[in-house]
Structure formats: structure tokens, C-alpha cells
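To keep things clear, I will list the structure first and then write my remarks on it.
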Ligand code: GTP
Ligand code: MG
């Protein structure tokens, strides 16, 4: 797929603040600071579209982006960072869970982003459970893979498979926003998914 246009639509702070743009959604979820926003920028070839930060917990809203005026990327706020104020952490669950529930039918693909260098946390597994319970198709992405050696990468895929598990679609996929590793694989899934969604309409 060629990207002709990407634009920021809005930030939502409550599940009800849904912009209601038509078309399929691709939703990125994962812990704070794992690299969701960086991955979105790399995938779309847009440096500053999704705001990134070395400070965890930066994205505290759900951010919507419109691609080719036909489908949407949703950057969900990161979770599981202790320094984020308690009030924010408490509002996170109903917001993300509510949004997933409201848009369930429209989410063509969930991207569960996990740090390839670490063993997935309980929260990563909770997030996977939401996707499974919501019957949302998803991919498991092990990111920051540029920081791993060849052996480390093989081990990371194994760990992801044994903890988060393979998704409905594929084995865990290693990616890097820094080097672009895995982007072609992601695009082939996106082309299949979004092409298929268009054909069904
Ligand atoms: P929140 O918005 O807080 O949930 O974080 P996020 O998941 O959107 O992470 P973000 O994209 O802001 O990246 C966090 C930090 O990780 C930044 O310092 C990025 O430069 C770095 N980072 C992201 N992806 C990669 C990657 O693939 N490789 C390396 N080496 N660093 C990365
Ligand atoms: Mg972010």
C-alpha cells in the first residue's frame, strides 16, 4: 500500500470521545515507553506524526490518525508505569478497555507491542486477554530488536511465543523503529487485512 496522506485527527481522554471516522482501525497497544509511537512513525514513514518521548507515560490520551483518508491508526496510551500518577493509572483501564469495546467491530488489527528484551509482564498478558476476549485479530510485536544480537533475537521470539503466545495470525514478529526491521512483514499483514476489509464492504 502506498501512503498518500496521514494526519492527526484528535486526542481522546474518555472512551466516549471517539471521533467516529469511517473505515477500519489498526490499534497499537503496549506498556509505556515500549515504542508504540516510534513504531507508528516508522511504519508510516512520518517522523513527527505520533509524539515520542524518552519519558515514560508521555502519551496519556488515545490519539487517532487518519491514513489515506480511508483507515485509522489508534495510538493507545502506555500502561504499567509506576511514576504515572495514580489517578491517571486508574482512568487508563476504563478508557482503553472501553475504547476497545466500543470500536471492537472496527478494529481490523491490534498490534500488541512488547519489549523484545524483557519477559512480558502481567499487564502485557492482560492486554492480550482483552484482545482475545474481544475477538480482535492481533499481532504480537517484539520491538527494540536492534538492541539484540542474533542469538538474543531467537531467544526473544521463543520467550514471546511461550508467554504471550502466537496470535491468531502469526508467530511473534521482531521489529525495530530504529532500523526498520520487520516493517515489510507488518505491511504485508496490513495489506492483507485492510485489502480484505475493503473487499468485504
Ligand atoms: P508512551 O507514549 O509513554 O506509551 O511510550 P511509547 O510506547 O509511545 O514509546 P515511544 O515511541 O515514545 O518510545 C520510547 C523510547 O524508546 C524513545 O526514547 C524511543 O527513541 C525509544 N525507542 C522506540 N522504539 C525503538 C526501537 O525500535 N529501538 C530503539 N533502540 N529505541 C526505540
Ligand atoms: Mg506514545
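The values are calculated or read from the model by the stated rules, or taken from the named source; none is laboratory data. No experiment lies behind these values; they were computed from the predicted model shown. Backbone-built Cβ (ideal geometry, glycine too); neighbour counts: all protein chains shown.
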Report whether or not residue 149 is out of contact with any helix residue (DSSP H, G or I) (no Cβ under 7 Å at 6 or more places or on another chain) and closer than 23 Å to residue 50 by Cβ.
-> no
Only residues that are assigned to a loop (DSSP other than H, G, I, E, B) and either under 16 Å from the mean Cα position of the chain (by Cα) or crowded, with 17+ Cβ neighbours inside 10 Å (or both): list them for the range 148-165, please.
-> 148, 164
Qualifying residues in the range 104-142 (those that are part of a loop (DSSP other than H, G, I, E, B) and in contact with a strand residue (DSSP E or B) (Cβ under 6 Å, 6 or more places away or on another chain)) - the one modelled with the highest pLDDT | 116
Which of the residues belonging to the range 48-76 are part of a loop (DSSP other than H, G, I, E, B), out of contact with any helix residue (DSSP H, G or I) (no Cβ under 9 Å at 6 or more places or on another chain) and at pLDDT 90 or above?
-> 68, 69
Using the structure shown, decide if residue 121 is farther than 24 Å from residue 25 by Cα and in contact (Cβ under 8 Å) with a residue 60 or more places away in the chain.
-> yes
In the range 3-47, the residues that are assigned to a loop (DSSP other than H, G, I, E, B), within 12 Å of ligand 1 (Cβ to nearest atom) and surrounded by fewer than 22 Cβ atoms within 10 Å (Cβ to Cβ) = 33, 47
From the option list 165, 195, single residue qualifying as over 21 Å from residue 105 (Cα atoms) and modelled with pLDDT under 95 is 165
